Amino acid sequence: MKIGLYVSGTGSSPDVLIDQVRAAADAGLDSAYLSQLLSWDALTVAALSARAVPGIELGTAIVQTYPRHPLALAGQALTVQAVSRAPFTLGIGPSHPQIIEGNFGYSYDQPARHIREYLSVLRPLLRGEPVDHRGQAVTAAGMVDAAGVPAPSVLLSALGPVMLRTAGELADGTVTVWTGPELVGDYIAPTITRAAAAAGRPGPRVVATVVASVTDDPDGARQWVAEQLGFAAGFPGYQAVLERQGRTGVAETIVVGDEDTVGQALAAYAAAGTTELVVGPIGDAQAQAQTLDLLASLRGDLAPTPPA
């Protein structure tokens, strides 16, 4: 199981985010994934990071699709891949109605249809192929001139059954958040794997994003997450996935405790079929450093278990 670092997109400057990517590379981790919030542009920072920290795999988790036309996003993603010495992963998703409608002013009507059409256009564009699609959700005509650049891998932020089936059929895998290993093993990995097999596609990537901290104050870490990120439980997609796990808040999904506790919890993700773990360390500087050290020590020791 590959292990990467989740890099929050709300750093005080792009240089701070690049420094986090550099810390991941210095620790020997496989990857660094950048988030796209309402701050620095993840794809621009990824391109800068590719030049500043050559060799580490980079990705996004995730870029919202509604505000970005697939022609524009394909051009951005291929630019990042062109300047990177390592494979680039484009993680995308429809985001949430509170963001798409509340912040951007777009309709969030029928996100599953939107994503299916979006991927149907995006994938050939990333391969350098022309498209002429005039659907109900997406209209796109043209191609991206980026000869010789390999197509980035595409992950879809899929948590529900419809999105997981779409990810298995049209993407290279899924990237999840607020999902425990039991949910990954019992539901997410089997669902997307069956969909990929039915579509004649290779076994999908199952990338789990996890908030973690090696700390002697686990209750304090959970309280911090509840205060700073608890609003996420109000998003319909996250609310549904929390209910499926019998949980009410995102703080209940984080991995905290001493090294043994955190290490065992992360190993459970590998046993559940996770192919790549992307960890967002929290806590003070010491806790984050200890968490990064643990991730470095676990790298290469955890092998994913294929879903039944």
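The values are calculated or read from the model by the stated rules, or taken from the named source; none is laboratory data. Just so we're clear, the structure is a prediction, and the values are computed from it rather than from any experiment. Methodologically, a virtual Cβ is constructed for each residue, glycine included, from the backbone with ideal geometry; neighbour enumeration extends over all protein chains shown. With ligands, DNA and RNA removed, areas are computed over all heavy atoms of the protein, side chains included. Shrake-Rupley method; radii C 1.70, N 1.55, O 1.52, S 1.80 Å.
Okay, here's what the table says:
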{"read-out": "Residue satisfying condition, being polar (S, T, N, Q) and touching a strand residue (DSSP E or B) at 6+ places or on another chain (Cβ under 6 Å), within set Thr89, Thr166", "value": "Thr89"}
{"read-out": "In segment 211-260, the residues that are over 11 Å from Trp178 (Cβ atoms), open to solvent by less than 70 Å² (accessible area, probe 1.4 Å) and of a type in the set (S, T, N, Q)", "value": "Ser213, Thr215"}
{"read-out": "Selection within segment 205-234 - part of a helix (DSSP H, G or I) and among the polar types (S, T, N, Q)", "value": "Gln223, Gln228"}
{"read-out": "Unique residue being open to solvent by 10 Å² or more (accessible area, probe 1.4 Å), in contact with a Ser or Thr (Cβ under 8 Å, 6 or more places away or on another chain) and polar (S, T, N, Q) when the list is Ser31, Ser12, Ser95, Ser84", "value": "Ser95"}
{"read-out": "Test set (1) over 30 Å from Ala25 (Cα atoms); (2) modelled with pLDDT of 95 or more - Thr89 fails condition number", "value": "(1)"}
{"read-out": "Checklist (1) within 22 Å of Val210 (Cβ to Cβ); (2) open to solvent by 10 Å² or more (accessible area, probe 1.4 Å); (3) touching a Gly at 6+ places or on another chain (Cβ under 8 Å) applied to Ala23, failing item", "value": "(3)"}
{"read-out": "Out of Glu276, Glu243, sole residue that is within 20 Å of the chain's Cα centre (by Cα) and of a type in the set (Asp, Glu)", "value": "Glu276"}
{"read-out": "Matching residues, segment 188-198, being surrounded by fewer than 24 Cβ atoms within 10 Å (Cβ to Cβ) and either among the aliphatic types (A, V, I, L, M) or within 23 Å of Pro70 (Cα to Cα) (or both)", "value": "Ala195, Ala196, Ala197, Ala198"}
{"read-out": "Qualifying residues in segment 131-187 (those that are polar (S, T, N, Q) and in contact with a helix residue (DSSP H, G or I) (Cβ under 8 Å, 6 or more places away or on another chain)) - the one most open to solvent (accessible area, probe 1.4 Å)", "value": "Gln136"}
{"read-out": "Options Leu122, Leu155; residue that is part of a strand (DSSP E or B) and under 24 Å from Tyr33 (Cβ atoms)", "value": "Leu155"}
